[in-house]
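Notes follow once the structure below has been shown.
The values are calculated or read from the model by the stated rules, or taken from the named source; none is laboratory data. Bear in mind that the values here come from a model prediction, so they are computed numbers and not experimental data. Cβ sites come from the backbone with ideal geometry, for glycine too, and all protein chains shown count toward neighbours. Note: areas computed on protein heavy atoms with side chains; ligands, DNA, RNA excluded. Shrake-Rupley method; radii C 1.70, N 1.55, O 1.52, S 1.80 Å.
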Amino acid sequence: MAISQIYLIHHSYTRIGYTDYQEFVFQRHVRNFHAIMEACKKTDGYPGPARFRWTCDTTGPIQFWIAYSDTIGQKAWQRWAQTGRIEACALPFHFIGLPDQEAWVHYLSGGLNRLQVLGHVVRTAMVVGVNGVPYGLVDPLVLAGIENLYVVSDPHRGSVLEPSPGAFWWESLSGNRLLVWNGLPLERARQLGIGEDLETAQEALAELCGQLEESGYPFDFLMLSVPGPGNPVNGGMDPTLSDFVRDWNESASEGRPQLALATPTPVFEELRERYGDQLPVQRGEWPDWWADGVATSAYETARHLRTHAQTRDVEFLGSALTALDEKARYPIEELREAYWHLALFDEHTWGAEASVAAPFSATTRSLWNAKAGFAYRAMHLTDQALGGIVEQLRDRVRIEADGLLVFNPLPWRRDAYLSIAHTGLDTSQGLIDPTEEDPVPKWITDAGVSFVVRNLPAVGYKQLRWGAVRSYPESVLRTEGTALDNRYYRIEVDPDSGWIVRWYDKRLDRELLDNKSSYGLAQYLYERIDGPQGRQALYDPERDVRRTNTPFVRTGPIAARVRSGRQSPLAASLVSEFIAPGVTRLTQEVVLYEHLPWVDLEITVRKPAVYEPEAVYLIFPFFVPNAETRIGTAAGPIRLEEDLLPSTCRDWYLLQGWAAFSCETFTVLVASPDAPLAQFGRINTGRWQTRFRPRSATFISWILNNYWHTNFPAAQEGELRFRYRLMAHEGPFDPVRAFRFGAEAAHPPIASVATARERGLLQELRGEFLRVEPEHVAVLGWKRSEDEKGWVVRLREIAGQGAVARLQLPRIGSAARISPLEEELGPLPVVDGSVIVALRPHELLSVRIHPSERPGPP
């Protein structure tokens with residue numbers, strides 16, 4: 001089809017860092033806003049298509065500007081926004097896919113709510129630079145009123161989704177649809193001469209349009225991204241574009257397309273009206289080639305993931321607290337600040353443009369210091385907030401006798417193994433669960449008191465008291481040389497290599513490790529690139545060449561010693577200590593429990609800084625015949641290959657906590673709360689695949705690398721700890737079991753010393769503050785509403801079955817279905833103190849709870 005119209009979308013490309021210190025980046029965008037409004041005013045008398053228009057690709061800099069701008073500036077902005085000359089897009093930043101779906105809702109709603117002061121009606125989201133988009137964003141965007149997604153990928157060190165340019169409906173698992181324009185790469189317009197030279201542009205655009213028409217391009221218009229002149233990253237606006245468009249149109253010959261400066265939403269409206277019913281529908285994850293960068297800062301990434309989990313703990317327990325006592329303090333301001341800093345670490349800019357070329361420069365060091373500071377600031381905010389919430393909850397419980405209070409931040413009942421420092425405790429006594437009058441399995445070590453608590457209430461607490469009982473009943477758990485054995489599994493460690501060579505499941509009567517593999521369980525593998533080319537042997541940034549013949553050299557440990565670790569009737573472990581390349585210390589501890597049906601692994605790496613290219617993998621060679629591989633994502637379980645968009649990354653993936661390998665008769669689950677980057681089937685680094693189905697049930701945790709040539713740190717050092725949890729169960733894949741397994745590994749219960757106290761708002765020995773049925777309706781979030789007059793509960797159906805859910809929590813007065821922006825959409829029935837709500841398969845749904853005067857737990 002002949003192209004008669006080309007829409008030029010002049011926009012920012014926001015990267016917090018990279019070109020300048022992070023705070024200065026915000027200031028640069030703010031200065032740009034004033035020049036943008038002046039250009040709008042100056043070109044008001046131009047022909048319509050040539051009037052200056054600007055698109056803010058993210059809301060983050062606008063949020064920064066709102067905090068410091070005056071009313072006059074805001075009114076001027078509002079005028080240009082309402083007349084369609086300025087458009088703001090929905091996302092606060094451009095992200096790497098670390099956040100879960102609840103965090104996406106927070107990030108999205110925070111920015112859109114702040115933009116209301118400017119009168120913005122935001123309909124479009126924009127993703128610039130990165131070449132993947134998390135599938136879990138589709139539902140939050142659509143439910144927040146966002147109808148369109150404009151993607152301007154950067155193909156460097158990866159590939160872009162095909163066709164480009166092209167359009168499609170991106171449909172979520174629940175059936176919500178987002179209209180996507182998959183645009184040409186970021187720098188293409190400038191390469192075509194747009195805004196540079198009319199004669200060059202005429203020739204180049206004619207060639208491009210001819211190529212598109214010959215290829216079967218189905219539209220008579222084209223949308224082109226036009227960043228600022230020069231370096232597009234955090235660049236300024238180009239006031240000469242209006243003159244360029246005016247001159248082009250005035251000199252246009254017959255048959256040549258017209259140009260128009262535009263903002264995205266009107267172009268999407270035309271696309272929807274004219275072509276919407278002809279567009280293909282795609283479902284699936286959009287993996288990001290740049291996601292491997294998270295392993296260049298393994299310590300900070302792990303801390304960041306723990307902070308994400310802890311933020312959710314604060315919200316759940318804090319909501320329970322305020323539902324019980326309206327006078328209690330909910331740390332809403334601390335949480336808002338924590339989410340801002342979490343978002344800044346999730347933003348895809350890790351550091352300086354010269355982070356690898358000049359790793360010791362002041363610029364590189366200062367930008368990384370600021371980036372890491374986002375993670376640490378959020379960590380400290382949530383640490384303090386959680387401590388305050390637990391203290392307030394503890395002070396409201398009537399304590400029958402001295403002992404321990406154990407809090408469960410997750411919305412389902414669970415069993416757990418805990419340890420607490422024994423300073424000041426009378427460890428000579430046993431522990432009793434007074435709700436069952438049974439001894440609590442307990443053991444004393446130099447490190448503290450370890451114990452097992454059963455049937456811990458959902459988002460609740462249980463009291464344990466000291467008593468004259470024997471707290472370690474007979475145990476079947478035992479250590480036999482370099483083997484561990486309990487009622488569930490047998491683990492065997494090779495005394496020479498130090499690796500786990502057997503994981504036998506007694507209930508399934510099945511060996512779970514692939515005995516044909518050359519690797520043991522969680523085997524360490526060090527990788528380097530041989531030869532003088534270094535990183536360029538993997539990817540050459542000057543030529544934009546991805547190489548598939550990289551001379552990798554991979555080696556494992558050269559010596560090992562196996563010793564006994566913790567030994568008690570509750571938990572037993574074996575510790576393997578290795579001499580290995582790339583590290584000064586490497587230990588692996590494998591733990592079996594008397595009462596719990598999983599295996600815990602902890603890998604500790606002490607690493608010197610290495611600036612030559614290197615990587616570390618941990619190999620998990622499971623044996624699951626004809627395995628179907630799934631990973632946890634923000635959208636839910638995703639099958640590898642079947643549920644991925646075509647021509648996107650297949651070499652590595654970011655996990656939301658877990659992966660599963662299943663067949664008709666059994667399933668193996670692995671939780672990885674500290675290391676989100678994984679490969680499957682084989683090591684795929686350097687293959688650059690856009691289609692790949694794993695042929696084996698091999699899980700590869702890619703814990704470290706420094707293969708990037710820019711942005712990410714050139715080296716990392718220090719002591720790093722990576723936790724894994726493994727479990728097998730009978731039957732095919734169970735989405736509820738996988739979701740809960742991953743969450744429990746990331747959200748341990750919280751134990752607090754409790755002293756006898758006669759008075760307390762909570763009189764019971766146990767309390768449960770949130771109940772949801774059926775179990776395949778997951779509670780993603782429970783938080784205080786932004787107006788602090790109620791609570792918001794986020795639900796998602798996770799088994800693809802649909803459900804009528806019953807939600808029960810303290811003080812329900814009335815309830816309403818709301819948007820992610822907390823706008824009420826309609827009332828929900830409350831029957832016998834429970835909110836009744838219907839969910840479609842995979843539906844994400846937000847519920848607003850208005851409190852009643854009735855105190856106390858349900």
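Looking at the stretch 632-651, which of its residues are under 15 Å from the mean Cα position of the chain (by Cα) and assigned to a loop (DSSP other than H, G, I, E, B)?
Hits for the stretch 632-651 are 634, 635.
Condition first: more than 30 Å from residue 484 (Cα to Cα), modelled with pLDDT of 95 or more and part of a loop (DSSP other than H, G, I, E, B). Now tell me which residues in the stretch 504-532 satisfy that.
530
Hey, can you tell me all the residues within the stretch 803-838 that are more than 22 Å from residue 323 (Cβ to Cβ) and buried (at least 20 other Cβ atoms within 10 Å of the Cβ)?
Listed by number, the list holds a single entry, 803.
What number goes with the only condition from (1) in contact with a Leu (Cβ under 7 Å, 6 or more places away or on another chain); (2) at pLDDT 95 or above that residue 42 does not pass?
Among (1) in contact with a Leu (Cβ under 7 Å, 6 or more places away or on another chain); (2) at pLDDT 95 or above, residue 42 violates only (1).
Would you check which residues across the stretch 778-806 are assigned to a loop (DSSP other than H, G, I, E, B), small (Gly, Ala, Ser) and under 26 Å from the mean Cα position of the chain (by Cα) and list them?
Those that are assigned to a loop (DSSP other than H, G, I, E, B), small (Gly, Ala, Ser) and under 26 Å from the mean Cα position of the chain (by Cα): 785, 799, 800, 802.
Within the stretch 195-213, how many residues turn out to be of a type in the set (Asp, Glu) and assigned to a helix (DSSP H, G or I)?
The number of residues fulfilling the criteria is 4.
What number of residues within the stretch 562-592 are open to solvent by 10 Å² or more (accessible area, probe 1.4 Å) and within 30 Å of the chain's Cα centre (by Cα)?
5
Can you confirm whether the stretch 767-777 contains a residue that is more than 21 Å from residue 320 (Cβ to Cβ) and either open to solvent by 10 Å² or more (accessible area, probe 1.4 Å) or assigned to a strand (DSSP E or B) (or both)?
yes
In the stretch 601-617, how many are in a loop (DSSP other than H, G, I, E, B) and of a type in the set (Val, Ile, Thr)? Break it down stepwise before answering.
First, pick out the residues of the stretch 601-617 that are in a loop (DSSP other than H, G, I, E, B): 608-613.
So of that shortlist, the ones also of a type in the set (Val, Ile, Thr) come out as 610.
Counting residues in the stretch 601-617 that are in a loop (DSSP other than H, G, I, E, B) and of a type in the set (Val, Ile, Thr) gives 1.
Only one of 190, 157 is under 28 Å from residue 650 (Cβ atoms), charged (D, E, K, R) and either surrounded by fewer than 22 Cβ atoms within 10 Å (Cβ to Cβ) or touching a residue at least 40 places away in the same chain (Cβ under 8 Å) (or both); which?
Going through 190, 157 in turn, the sole match is 157.
In the stretch 517-537, what residues are under 25 Å from residue 494 (Cβ atoms) and free of Cβ contacts under 8 Å to residues at least 24 places away in the same chain?
Result: 518, single match.
Say we look at the stretch 259-293 and pick out the residues that are among the aliphatic types (A, V, I, L, M) and not in a strand (DSSP E or B); which of these is surrounded by the fewest Cβ atoms within 10 Å (Cβ to Cβ)?
279
In the stretch 310-362, which residues are among the small types (Gly, Ala, Ser), in contact with a helix residue (DSSP H, G or I) (Cβ under 8 Å, 6 or more places away or on another chain), touching a residue at least 60 places away in the same chain (Cβ under 8 Å) and open to solvent by less than 10 Å² (accessible area, probe 1.4 Å)?
Within the stretch 310-362, the subset among the small types (Gly, Ala, Ser) is 318-320, 323, 328, 338, 343, 351-352, 354-355, 357-358, 361-362.
Narrowing the set further to residues that are in contact with a helix residue (DSSP H, G or I) (Cβ under 8 Å, 6 or more places away or on another chain) leaves 318, 320, 328, 338, 343, 351-352, 354-355, 358.
Filter once more, keeping what is touching a residue at least 60 places away in the same chain (Cβ under 8 Å): 318, 320, 328, 343, 351-352, 354-355.
Once the filter is applied, which keeps residues that are among the small types (Gly, Ala, Ser), in contact with a helix residue (DSSP H, G or I) (Cβ under 8 Å, 6 or more places away or on another chain), touching a residue at least 60 places away in the same chain (Cβ under 8 Å) and open to solvent by less than 10 Å² (accessible area, probe 1.4 Å), the stretch 310-362 yields 318, 320, 343, 351, 352, 355.
Restricting to the stretch 86-128, give me the number of residues that are in contact (Cβ under 8 Å) with a residue 60 or more places away in the chain and over 29 Å from the mean Cα position of the chain (by Cα).
Going through the stretch 86-128 one residue at a time, the tally reaches 1.
Name the residue that is farthest from residue 393 (Cα to Cα), counting only residues in the stretch 425-475 that are among the small types (Gly, Ala, Ser) and within 32 Å of the chain's Cα centre (by Cα).
Checking each candidate, the answer is 450.
Considering 605, 610, 624, which residue is within 30 Å of residue 575 (Cα to Cα), open to solvent by 30 Å² or more (accessible area, probe 1.4 Å) and of a type in the set (A, V, I, L, M, F, W, C)?
610
Is it the case that some residue within the stretch 668-684 is within 29 Å of residue 541 (Cα to Cα), free of Cβ contacts under 8 Å to residues at least 60 places away in the same chain and in a strand (DSSP E or B)?
Scanning the stretch 668-684, I find at least one residue that is within 29 Å of residue 541 (Cα to Cα), free of Cβ contacts under 8 Å to residues at least 60 places away in the same chain and in a strand (DSSP E or B), so the answer is yes.
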